[in-house]
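The values are calculated or read from the model by the stated rules, or taken from the named source; none is laboratory data. Everything quoted here is computed from the prediction, not taken from an experiment. Note that we place each Cβ from the backbone using ideal geometry, even for glycine, and neighbour counts take in every protein chain shown.
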Amino acid sequence: MRRTRTVVAAASTITLALTLAACGTDEPADTTDGETSDSAEVEPGDITLWVAGADTPEELRTYLVDTFAEENPGSTLTIEEQDWGDLVTKLTTALPDAENTPDVVEIGNTQSPTFTNAGAFREISPELYEELGGDKLLPSFVEAGSVDDTIYALPYYFGSRYMFYRADLWDEAGVEVPETLPEFTEAVTELTTDDLSGFAMGGQDWRNGISWVFANDGELAVKEGDQWVSTLSDPNTVAGLEMWQEVYEGASNLPATERDVAYWDFLNDAEDGGAPEAATIMAPGWARWSIGELVENDEGEMVRDGMADAEKYDIFALPGLDGGIAPVFAGGSNVAVSAQSQHPELSENLLRIIYSDEYQTMLAENGLGPANADFNSIMETDTFGEVTVATAEASKLTPAAPGWAAVEGAFVYEELFQKIAEGGDVAELAAEYDEKLTPMLNGQAG
């Protein structure tokens, strides 16, 4: 399965906030202090759920549609799939329009802060939050969907990053799996040749690269009072960026201009039977289905075998600075109810289905990290599931700043990481980009 997520922001956060401002001004329908009573009779209606990309399998979509109809007689659920690349643009247009807004939406975890700060989503009352899972829901994703102490978007699923590697190449070179982050740099540098990247990584790959910042206790930005401040110049952040620069320069043959790379292709043997181009890659857990030998499935299609050959392929978590597991950037998405939904009660009933034991189980069984931690154990049936859960528990997200979607849409971090990959002075670049990023994080022109 290929799951590549590229955010394209069609408008600046200022424009987005102005467009969506009206979304947060209306009181929720039929509520008392922001709470919808699930005991009150709900008028039948038709609601729409937008899912992002193909991540939600057809089996799960069918379950949502059928269960919603069964539990809400006379009502129907329509599911519409939106491309990740167009999602921000479409949400910006649709959410303020009460006649055409989707009632419930899936949105990337890094996109959530822009829309929650703009008032685009309906508040999740404390009572509903507890009913849907409360503190068992992935905290970092809840934080990304909150403004101060008010929750607007909840976790849908997570996918954490870890290291996929050619165990045969590591064994042949006599290199052992590292236990610390400096040992990782040494190992992949030793494996590198003119034809083989010890660790294949594009120069603009900040989504993987910020794990080195987090491992050094650095932050990309912090909130000071009412303002977000870029903290690239913090000594811990600089140390992390310098470590990332060292491993890129010593172990990756990919260009400094490269981003959004299908790294799994480098790990596989060439189609003509030739050698792979990389000994190690970093990717979300679902990359396993793009790695391994081509085999014919029951439908006669040629697919990868999910790394079935354990002597040839294996995985490990990126180690921390002094051991343990490094905090990696977590992928995944949130789900929220549109503030302009004409059927808020039905929309909340859909949330009840999404956060039910049955649906959380289905997410886990399909390799999508469930929102509720009680269901993580379902994934821990093999090495992949165990490492997915362990890395997710140690994961971090990007800052929940209102301007984050605009920052991503302007490719600011891609630009910064490319300059670092090209050998630029990290401390000087950090100071330069702090000045550029701070206003953008707060919805101002950079």
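A few comments on the model shown:
- Qualifying position, being at negative phi and in a loop (DSSP other than H, G, I, E, B), among Thr185, Thr189, Thr193, Thr237: Thr193
- For Gln342, the criteria (1) crowded, with 21+ Cβ neighbours inside 10 Å; (2) at pLDDT 90 or above hold in every case but one, which is (1).
- Where Glu386 falls short, out of the listed (1) assigned by TED's automatic domain parsing to the domain that holds Gly133; (2) touching a residue at least 24 places away in the same chain (Cβ under 8 Å); (3) assigned to a helix (DSSP H, G or I): (2)
- The number of residues in the stretch 359-383 that are within 19 Å of the chain's Cα centre (by Cα), polar (S, T, N, Q) and not in a helix (DSSP H, G or I) comes to 2.
- Residue tally, condition in a loop (DSSP other than H, G, I, E, B) and of a type in the set (D, E, K, R), over the stretch 402-440: 2
- Index of the failed condition, Pro255 passing every other in (1) surrounded by fewer than 22 Cβ atoms within 10 Å (Cβ to Cβ); (2) at pLDDT below 95: (2)
- Any hit, the stretch 162-172, residues being modelled with pLDDT under 95 and either surrounded by fewer than 23 Cβ atoms within 10 Å (Cβ to Cβ) or under 20 Å from Glu386 (Cα atoms) (or both): yes
- Residue within the stretch 202-211 that is surrounded by fewer than 21 Cβ atoms within 10 Å (Cβ to Cβ), of a type in the set (Ser, Thr, Tyr) and part of a helix (DSSP H, G or I) present: no
- Selection of the stretch 169-183 for residues being in contact with a Phe, Trp or Tyr (Cβ under 8 Å, 6 or more places away or on another chain), in contact (Cβ under 8 Å) with a residue 60 or more places away in the chain and of a type outside the set (A, V, I, L, M) yields only Pro178.
- Among residues of the stretch 295-309, those that are part of a loop (DSSP other than H, G, I, E, B), farther than 19 Å from Asp382 by Cβ and either under 28 Å from the mean Cα position of the chain (by Cα) or hydrophobic (A, V, I, L, M, F, W, C) (or both), counted: 0
- Any chance Ala405 is in contact (Cβ under 8 Å) with a residue 40 or more places away in the chain and in contact with a helix residue (DSSP H, G or I) (Cβ under 6 Å, 6 or more places away or on another chain): yes
- Considering the stretch 279-294, the residues that are part of a strand (DSSP E or B) and touching a Lys or Arg at 6+ places or on another chain (Cβ under 6 Å) include one that is farthest from Glu172 (Cα to Cα), namely Pro284.
- Candidates Glu130, Glu143, Glu99: the one that is under 22 Å from the mean Cα position of the chain (by Cα), of a type in the set (Asp, Glu) and on the phi < 0 side of the Ramachandran plot is Glu143.
- Checking each residue in the stretch 286-305 for being surrounded by 14 or more Cβ atoms within 10 Å (Cβ to Cβ), over 17 Å from Phe199 (Cα atoms) and among the small types (Gly, Ala, Ser) picks out Ser290, Gly292.
- Of the helices (runs of 4 or more DSSP H) lying entirely inside the stretch 56-154, those containing at least 3 residues that are surrounded by fewer than 24 Cβ atoms within 10 Å (Cβ to Cβ) span 58-71, 84-94, 126-132, 139-144.
- Scanning the stretch 311-346 for residues that are within 20 Å of Thr93 (Cβ to Cβ) and of a type in the set (Ser, Thr, Tyr) yields Ser333, Ser338, Ser341.
- Check on Glu271, within 23 Å of Gly108 (Cα to Cα), charged (D, E, K, R) and assigned to a loop (DSSP other than H, G, I, E, B): no
- In the stretch 413-434, residue surrounded by the fewest Cβ atoms within 10 Å (Cβ to Cβ) [restricted to those that are free of Cβ contacts under 8 Å to residues at least 12 places away in the same chain and of a type in the set (Asp, Glu)]: Glu428
- Residue count for the stretch 156-182 under the criterion of being of a type outside the set (S, T, N, Q), within 30 Å of Gly332 (Cα to Cα) and not in a strand (DSSP E or B): the result is 6.
- Leu350 in the same structural domain as Leu132 (by TED's automatic domain parsing) and in contact with a strand residue (DSSP E or B) (Cβ under 7 Å, 6 or more places away or on another chain): yes
- Only one of the numbered conditions (1) without any contact (Cβ under 8 Å) to a residue 24 or more places away in the chain; (2) within 27 Å of the chain's Cα centre (by Cα) is not met by Thr193, and that is (2).
- Hits in the stretch 286-309 - residues which are among the aliphatic types (A, V, I, L, M) and either under 18 Å from Ser160 (Cα atoms) or modelled with pLDDT of 90 or more (or both): Ala287, Ile291, Met307
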